[in-house]
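Q: Below: one structure in structure tokens.
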Amino acid sequence: MTKTSFEYQEPILEAHGTLPIIIRVRDVVLTILMWLMYFYFMRNFFFFFKDLFVWAFNGFGDTTPYESFKIFATLGDYLGIIVISGLVFIGWAVYNKLRYGKKKRRVSHAAVQSDQIAESYGLSSEELAAWQEARVLVMHHDLAGRLTKVDVLS
Amino acid sequence: MKQKFLGVLIIMALVTTCLTTGLILDFIFFYPLFMSFIWIIGGVYFYFHWERQSPGAEQAPLLKTYPFISILIPCFNESRNVVETIEAASRQNWPHFEIIAINDGSKDNTGVILDQLAEQYPNLRVIHFAQNQGKAMALRMAALVAKGEFFVSVDGDALLHPNATAYLIKPMLENPRVGAVTGNPRIRTRATLLGKIQVGEFSSIIGLIKRAQRVYGHIFTISGVIAAFRRSALHNCGYWDVNMITEDIDISWQLQLRHWQIQYEPCAITWILMPETLKGLWQQRLRWAQGGAEVYFKSLTMIWHWSDRRMWMLVLDFCLGTTWACAYMLSIMLWIVGKFMILPTDLFVPTIWPPAFWGLALASVSLLQFIVAMLIERRYDRKLLRSVGWTIWYPFIFWALSLFTTIVGLPKAFFTSSKKRALWVSPDRGFR
């Protein structure tokens, strides 16, 4: 491995100087409100932990009185679906690796030669070679997108 | 046109099935939940299988050979960005390469700047188009005059990491059936709320999806902003289609339909500009949605051969995503109609808000997905952890945007002539 010597410039643009402060404050306030709303709706989920603690403290007895425990059944269904689909997905990946991992199933293509490229575009090999050596070109196309003229500038 | 009718019929059949079986609300809830977990599982598997041992983007891999390569940079009205794009491209840790910048009939002074840069950088070549022809044509013409067998394609406003080329070319040198490799776009524009949400989205949605699809074996699309191609693979599938509005999705499908592999390389980083206004974001995402639908319609009659069976999951994924958007929109419409007239019991939608538990489950799973993605991706982006606080928006914004762009993009793709040249203007590129 070779460590890059290039000191990469900081590419992230946060526009500290150009974006009005009022917009930044608005974004922060709205985001805090969104989080508060989320935690408000999640409050029943936190009650589950309280019930869990109380249930454990009372000696792991009958769970019927604890309303929040009912979520377990639903979560169990979800978890089942997720585990099965995840296993199928990973099984598929492992199967592919074992079955085809080191097998060369398809023929490799040789690198395309310039004359093949020229032919596919309806050009002469000399014409294409000149364009491939040019540094600045101007290309003209017709309305259908066909190449009509190429000026080699340098 | 036949393909388009077939494509719409399949989606209508799926929506009707949801509706008539009374599963519409279940589908609206379970589809995103299920997909979130598939992406998480795929992302984690990819990380442990391929990614964890990698030294990371800051160290270039050592290769056995370093063939001559061509970096293709299509530019349309990029006068503001092209100088730094060319500069970043010129600093690749690669011994022999040329840069081909294509000035696609720009209205600003991109052409003048490129001519000046050509004098400054000896390996920079410039193609000027007399008139705007679109990105696909720009790439086609650059590929025509390029000297390398391998191409790296990067947008005119993106900054390639110095080691990106090495990471992109490596899989193609190791496996002759790899036709393309897509890299890891990281967002630069993080001034506004929209910018910050997209930072999370690119990790959580795009990064995890690419990883999961790589685990499956086929990728829905390379990222047009950073990808590498083998010339013989492109030649084999006829290069980029100038009539497709998202040439990157189309070339991905065409390559895979000819059994070329596409790989995802997270260490191949490029820094990109994204829209930071709602209008800009809408335009961009609508184009993506329309492009996906165009490719779906185009490919629908080509994929039914048994040898193409691995593409079926990509089609199914697209169909289910579109069905989800249509089903959600239909449920909203039925809810509104139900306010004014009596509907049959099966069609009556009492509320468009998911039951409290469902909504919270979806939001929580989305946040879990983001946390997993961030743990995987933080090695590529030192400031990623700063995005944590903004993630609360992501479940709402992403799914809402997906819903509306799909609903508008599908008919646009249906009614757009398949022979019309795909030309588009980039939306805003954020604040500086």
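Q: What is the number of the single condition among (1) modelled with pLDDT of 95 or more; (2) of a type outside the set (Lys, Arg); (3) assigned to a loop (DSSP other than H, G, I, E, B) that B:Ser153 does not meet?
A: (3)
Q: Related question: Select, from B:Ser252, B:Ser223, B:Ser232, the only residue that is under 17 Å from the mean Cα position of the chain (by Cα), within 20 Å of B:Ile71 (Cα to Cα) and open to solvent by less than 10 Å² (accessible area, probe 1.4 Å).
A: Matching residue, one of B:Ser252, B:Ser223, B:Ser232: B:Ser252.
Q: In region B:210-242, what count of residues is obtained for those that are touching a helix residue (DSSP H, G or I) at 6+ places or on another chain (Cβ under 8 Å) and either small (Gly, Ala, Ser) or under 18 Å from B:Glu294 (Cα atoms) (or both)?
A: Residues that pass the stated criteria total 17.
Q: Here's another thing I want to ask about it. For B:Leu117, only one of the following conditions fails: (1) facing another protein chain (nearest Cβ under 10 Å); (2) over 19 Å from B:Tyr380 (Cα atoms). What is its number?
A: Only one criterion is unmet by B:Leu117, namely (1).
Q: Among the residues of region B:15-47, which ones are more than 18 Å from B:Asp317 (Cα to Cα) and open to solvent by less than 20 Å² (accessible area, probe 1.4 Å)?
A: B:Phe46
Q: Follow-up question, since we're still on this one. Any residue that is assigned to a helix (DSSP H, G or I) and under 26 Å from B:Arg309 (Cα atoms) - is there at least one of those in region B:262-272?
A: no
Q: Sticking with this one: I need every pair where a residue in region B:29-40 that is over 18 Å from A:Gly91 (Cβ atoms) has its Cβ under 7 Å from the Cβ of a residue that is open to solvent by 30 Å² or more (accessible area, probe 1.4 Å) and at pLDDT 90 or above, sequence separation at least 6 or different chains.
A: B:Tyr31/B:Leu320
Q: If I filter region B:329-351 for residues that are outside any helix (DSSP H, G or I), in contact (Cβ under 8 Å) with a residue 60 or more places away in the chain, within 14 Å of chain A (Cβ to nearest Cβ) and within 30 Å of A:Arg43 (Cα to Cα), do I get at least one hit?
A: There is no residue in region B:329-351 that is outside any helix (DSSP H, G or I), in contact (Cβ under 8 Å) with a residue 60 or more places away in the chain, within 14 Å of chain A (Cβ to nearest Cβ) and within 30 Å of A:Arg43 (Cα to Cα).
Q: Being buried (at least 16 other Cβ atoms within 10 Å of the Cβ) and within 38 Å of the chain's Cα centre (by Cα) is the filter here, so list the residues in region A:140-150 that pass it.
A: A:His141, A:Leu147
Q: State all residues of region B:75-105 that are in contact with a Ser or Thr (Cβ under 8 Å, 6 or more places away or on another chain), within 17 Å of B:Ala138 (Cα to Cα) and within 13 Å of chain A (Cβ to nearest Cβ); if no residue qualifies, say none.
A: B:Glu98, B:Ile99, B:Ile100, B:Asn103
Q: Right, something else. So which residues in region B:301-334 are closer than 24 Å to B:Phe30 by Cβ and open to solvent by 70 Å² or more (accessible area, probe 1.4 Å)?
A: The answer is B:Trp312, B:Met313, B:Leu316, B:Met333.
Q: Here is a further query. Are there helices (runs of 4 or more DSSP H) fully within region A:38-124 with at least 1 residues that are modelled with pLDDT of 75 or more and of a type in the set (Ser, Thr, Tyr)? List them.
A: In region A:38-124, the matching helices (runs of 4 or more DSSP H) lie at A:71-100, A:114-120.
Q: Another question, if that's okay. Can you tell me which of (1) in contact with a Gly (Cβ under 8 Å, 6 or more places away or on another chain); (2) of a type in the set (A, V, I, L, M); (3) in a loop (DSSP other than H, G, I, E, B) is the one B:Ile41 doesn't meet?
A: (3)
Q: Kindly evaluate B:Ser36 against the criterion of being within 14 Å of chain A (Cβ to nearest Cβ), hydroxyl-bearing (Ser, Thr, Tyr) and touching a strand residue (DSSP E or B) at 6+ places or on another chain (Cβ under 9 Å).
A: Against the criterion (within 14 Å of chain A (Cβ to nearest Cβ), hydroxyl-bearing (Ser, Thr, Tyr) and touching a strand residue (DSSP E or B) at 6+ places or on another chain (Cβ under 9 Å)), B:Ser36 does not qualify.
Q: Of B:Trp282, B:Trp288, which residue is within 14 Å of the chain's Cα centre (by Cα) and open to solvent by 20 Å² or more (accessible area, probe 1.4 Å)?
A: Result: B:Trp288 is the single residue among B:Trp282, B:Trp288 that is within 14 Å of the chain's Cα centre (by Cα) and open to solvent by 20 Å² or more (accessible area, probe 1.4 Å).
Q: Still on this model: Surrounded by 12 or more Cβ atoms within 10 Å (Cβ to Cβ) and more than 7 Å from chain B (Cβ to nearest Cβ): which single residue out of A:Leu153, A:Leu137 fits that description?
A: A:Leu153 is the lone residue from the list that is surrounded by 12 or more Cβ atoms within 10 Å (Cβ to Cβ) and more than 7 Å from chain B (Cβ to nearest Cβ).
Q: Next question. Please go through region B:377-417 and pick out each residue that is touching a Lys or Arg at 6+ places or on another chain (Cβ under 7 Å) and of a type in the set (S, T, N, Q).
A: B:Ser387, B:Thr405 - these are the residues of region B:377-417 that are touching a Lys or Arg at 6+ places or on another chain (Cβ under 7 Å) and of a type in the set (S, T, N, Q).
Q: Considering only region A:31-57, state which residues are open to solvent by less than 100 Å² (accessible area, probe 1.4 Å) and not aromatic (Phe, Trp, Tyr).
A: Matches in region A:31-57: A:Thr31, A:Ile32, A:Leu33, A:Met34, A:Met37, A:Met42, A:Arg43, A:Asn44, A:Asp51, A:Leu52, A:Val54, A:Ala56.
Q: Just to verify a result, which residue in region A:75-109, among those that are facing chain B (nearest Cβ under 7 Å) and of a type in the set (Ser, Thr, Tyr), is least open to solvent (accessible area, probe 1.4 Å)?
A: A:Ser85
Q: Among B:Leu124, B:Leu139, B:Leu159, which is the only one that is modelled with pLDDT of 95 or more and surrounded by fewer than 23 Cβ atoms within 10 Å (Cβ to Cβ)?
A: One residue alone meets the criteria, B:Leu124.
Q: Does B:Asn77 fit the bill of being outside any helix (DSSP H, G or I) and in contact with a strand residue (DSSP E or B) (Cβ under 9 Å, 6 or more places away or on another chain)?
A: No; evaluated as a whole, the condition is false for this residue.
Q: Looking only at region B:50-67, count how many residues are loosely packed, with under 15 Cβ neighbours inside 10 Å and of a type in the set (A, V, I, L, M, F, W, C).
A: Qualifying residue count for the region: 2.
Q: Please work out which residue is modelled with the highest pLDDT, limiting yourself to region B:403-423 and to residues that are open to solvent by 30 Å² or more (accessible area, probe 1.4 Å) and aromatic (Phe, Trp, Tyr).
A: B:Phe404
Q: Same structure again: Yes or no: B:Glu201 free of Cβ contacts under 8 Å to residues at least 12 places away in the same chain, open to solvent by 10 Å² or more (accessible area, probe 1.4 Å) and either acidic (Asp, Glu) or within 13 Å of chain A (Cβ to nearest Cβ) (or both)?
A: Answer is no for this residue.
Q: Where residues in region A:110-133 are at the interface with chain B (Cβ under 7 Å from one of its Cβ atoms) and touching a strand residue (DSSP E or B) at 6+ places or on another chain (Cβ under 8 Å), which of them is surrounded by the fewest Cβ atoms within 10 Å (Cβ to Cβ)?
A: A:Tyr121
Q: Answer with yes or no whether B:Asp428 is touching a residue at least 12 places away in the same chain (Cβ under 8 Å), in contact with a Ser or Thr (Cβ under 8 Å, 6 or more places away or on another chain) and open to solvent by 30 Å² or more (accessible area, probe 1.4 Å).
A: Yes; evaluated as a whole, the condition is true for this residue.
The values are calculated or read from the model by the stated rules, or taken from the named source; none is laboratory data. As the structure is a computational prediction, the values presented were derived from the model and not from experiment. Please note: Cβ atoms are built from the backbone with ideal geometry, for glycine as well, and neighbour counts cover all protein chains shown. Keep in mind that these areas ignore ligands, DNA and RNA; they rest on the heavy atoms of the full protein, side chains included. Shrake-Rupley method; radii C 1.70, N 1.55, O 1.52, S 1.80 Å.
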